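As structure tokens, the structure follows; a few thoughts come after it.
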Amino acid sequence: MGASRIGRERRTIEGVIDIDPASSVPPFEQMRAGVVAAVSTGELAAGHRLPTVRRLAEDLGVAPGTVARAYRELEASGIIETRGRNGTYVSFSDDPAREQAQRAAAVFAEHMRALRIDTADALSLAAAALRA
């Protein structure tokens, strides 16, 4: 965790979203920018399920309305999609082939986590399968 500022600590979630309460940038914008950056760098892959509004608000120590606003803006830009009661996810691309590949990768990652295979081993297995 970062240094304490004005009596409050900076808070992060999943090492991806960093909210600095001392910043002049509003928390919803910090959150929105953090998600966009994480999607751009691949830290949040297509199909990644995001926490509920209430859960994320609690984890970050912000009001649920702050998270809801960031989610609305991210959804309007096509970065995330809400699937009703099924949750909120990082969106897939507009390229159908890439979208299928991203979905397959998300399923693969889910299976590897369920099997408790670490990231390095999972990537080795995938690379070997692609070379075969």
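The values are calculated or read from the model by the stated rules, or taken from the named source; none is laboratory data. In this text, all values refer to a predicted model and were calculated from it rather than measured experimentally. Note: ideal-geometry Cβ built from the backbone for every residue, glycine included; neighbour counts use all protein chains shown.
For Asn86, the conditions (1) assigned by TED's automatic domain parsing to the domain that holds Pro27; (2) modelled with pLDDT under 85 are fulfilled apart from (2).
So in the range 111-122, with the set limited to residues that are in a helix (DSSP H, G or I) and exposed (fewer than 13 other Cβ atoms within 10 Å of the Cβ), which one is farthest from the chain's Cα centre (by Cα)?
Step by step, filter the range 111-122, then rank; the result is Asp121.
Residues that are among the β-branched types (Val, Ile, Thr), part of a strand (DSSP E or B) and out of contact with any Pro (no Cβ under 9 Å at 6 or more places or on another chain) within the range 47-88 comprise Ile80, Thr82, listed in sequence order.
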